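Heads up, the thing below is written out as structure tokens.
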Amino acid sequence: MKRPVRIAITGAAGSISNSLIFRIAAGDMLGPDQPVILQLIERPEAMEALRGVAMELEDCAFPLVHAVRLHDNAEDGFSKVHFALLVGAKPRGKGMERKDLLEANAEIFSVQGRALNDHANPDVKVLVVGNPANTNALIASRNAPGLSPSQFTAMSRLDHNRAKGSLANHIGANPADVTRVAVWGNHSATQYPDIRNAEAFGEPVMPNLDAKWISETFIPRVQQRGAEIIAARGQSSAASAANGAIDHMRDWVKGTPDGDFVSMCIPSDGSYGVAKGIVYSFPVRCRFGRYQIVQNLPIDDDAKQRMKATEQELLEEKAAVEHLLPA
Ligand code: NAX
């Protein structure tokens, strides 16, 4: 058996974590031979609910779970962690403007960035799920000067999987037979789900698709899928979000399949003309615990416009919190 790794999860008593923690404990993220120590973090007010989660974990008697620790602060919670999944965030309250939401979360993710910097394992891999995820990841990273910005990522994998699922459903394929889907930009309604390079059974899908279906049905559907789910179930996506987080981390650690790529929000290095200094979703391949942006995908005028629009939104988000960031 391998040595256990430490995994921190914030917002651990929330809806997404209620799926996420149990799937990690079952070995879905790091494999059936990797024991884990779970360091679950919540707000002090939610510690009683978190104790309930811990009881349920005990009642599952998962063989991979070496220990479960409960924390009401980021400093202790991130101690020596190899993986940090930042799920907890402040939700948008009544009458709250987007700027207020960004600022409230800037405070939370500044604290968490500093705590990761000071207490986590130096190789920690961080995934931000809590919204606004891209900008929260940027804030955490800017507050962790001792860690590389490349260690901070945000989740667009749910959007990626939504795009793949929707396309597979439309063409009557299994999602496993669909490859080379990409999501560009922000995890928000401006994201660009891109299937121009997608293949099914190794053949390009574009010749068999109607351009009108792509622009009027497929793209808006993926962009608005979160809202569609809230309208249907009265709550936001939880199991599928947890699944996206598991997929994101598993592929980052274990690698992406040959001939395919996935989408991750990562610090822009200027590829495809995207401004540096924002956390933007790119198509990536992962090998040996590292990710690399897939280069030289063809970008037509329509794609360029869509990629710019979502970049612009991220630049605006960054500008709104810039005064709160360390230089
Ligand atoms: P819940 O409201 O069910 O749970 C959030 C939990 O976080 C609560 O238990 C709360 O006490 C805790 N929390 C808040 N601030 C904290 C802090 N500073 N430290 C530790 N814990 C803290 O929300 P849930 O449905 O689980 O969603 C969590 C976040 O994921 C939200 O911000 C949501 O918008 C975001 N999402 C992101 C997605 C993505 O693809 N990136 C998709 C799903 C989801 O909408």
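Taking the listed residues ARG23, ARG69, the one that is open to solvent by 60 Å² or more (accessible area, probe 1.4 Å) and more than 29 Å from ILE229 (Cβ to Cβ) is ARG69, with no other qualifying.
Listed here are the residues, each with its yes/no results for (1) of a type outside the set (A, V, I, L, M); (2) open to solvent by 80 Å² or more (accessible area, probe 1.4 Å).
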site: GLY259; (1), (2): yes, no
site: VAL262; (1), (2): no, no
site: SER281; (1), (2): yes, no
site: GLN292; (1), (2): yes, yes
site: ASP300; (1), (2): yes, no
site: GLN305; (1), (2): yes, yes
site: GLU316; (1), (2): yes, yes
site: GLU322; (1), (2): yes, no
site: ALA327; (1), (2): no, yes
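When the residues of the stretch 140-159 are filtered to those that are touching a residue at least 60 places away in the same chain (Cβ under 8 Å) and either open to solvent by 30 Å² or more (accessible area, probe 1.4 Å) or touching an Asp or Glu at 6+ places or on another chain (Cβ under 9 Å) (or both), the one that is farthest from ILE299 (Cα to Cα) is PRO145. Among the residues that make up the stretch 164-177, is at least one of them surrounded by fewer than 24 Cβ atoms within 10 Å (Cβ to Cβ), more than 19 Å from VAL284 (Cα to Cα) and either modelled with pLDDT under 95 or in contact with a Lys or Arg (Cβ under 7 Å, 6 or more places away or on another chain) (or both)? Looking for residues that are surrounded by fewer than 24 Cβ atoms within 10 Å (Cβ to Cβ), more than 19 Å from VAL284 (Cα to Cα) and either modelled with pLDDT under 95 or in contact with a Lys or Arg (Cβ under 7 Å, 6 or more places away or on another chain) (or both), one finds at least one in the stretch 164-177, hence yes.
Name the residue that is surrounded by the most Cβ atoms within 10 Å (Cβ to Cβ), counting only residues in the stretch 72-95 that are in a helix (DSSP H, G or I) and not hydrophobic (A, V, I, L, M, F, W, C). If you could, list the steps in order and put the result at the bottom.
Let us first name the residues in the stretch 72-95 that are in a helix (DSSP H, G or I), namely 74-77.
Okay, now just the ones that are also not hydrophobic (A, V, I, L, M, F, W, C), so 75-77.
Details: GLU75: 15, ASP76: 15, GLY77: 25.
Among those that are in a helix (DSSP H, G or I) and not hydrophobic (A, V, I, L, M, F, W, C), it is GLY77.
Selection of the stretch 51-66 for residues being open to solvent by less than 80 Å² (accessible area, probe 1.4 Å) and either within 15 Å of ILE7 (Cβ to Cβ) or β-branched (Val, Ile, Thr) (or both) yields VAL53, ALA54, LEU57, PHE62, LEU64, VAL65.
Does ALA104 satisfy the criteria of being hydrophobic (A, V, I, L, M, F, W, C), within 14 Å of the ligand (Cβ to nearest atom), farther than 20 Å from ALA8 by Cα and out of contact with any Ser or Thr (no Cβ under 8 Å at 6 or more places or on another chain)? Full working, then the answer.
Details: hydrophobic (A, V, I, L, M, F, W, C): yes; within 14 Å of the ligand (Cβ to nearest atom): yes; farther than 20 Å from ALA8 by Cα: yes; out of contact with any Ser or Thr (no Cβ under 8 Å at 6 or more places or on another chain): yes.
For ALA104, the condition - hydrophobic (A, V, I, L, M, F, W, C), within 14 Å of the ligand (Cβ to nearest atom), farther than 20 Å from ALA8 by Cα and out of contact with any Ser or Thr (no Cβ under 8 Å at 6 or more places or on another chain) - is met.
For the stretch 202-225, residues that are within 13 Å of the ligand (Cβ to nearest atom) and open to solvent by less than 20 Å² (accessible area, probe 1.4 Å) total 1.
Being touching a Gly at 6+ places or on another chain (Cβ under 8 Å), closer than 20 Å to ALA303 by Cβ and in a helix (DSSP H, G or I) is the filter here, so list the residues in the stretch 160-191 that pass it. Selection gives HIS160 alone.
The values are calculated or read from the model by the stated rules, or taken from the named source; none is laboratory data. No experiment lies behind these values; they were computed from the predicted model shown. We place every Cβ from the backbone using ideal geometry, glycine too, and count neighbours over all the protein chains shown. These accessible areas exclude ligands, DNA and RNA; they are computed on the full protein's heavy atoms, side chains included. Shrake-Rupley method; radii C 1.70, N 1.55, O 1.52, S 1.80 Å.
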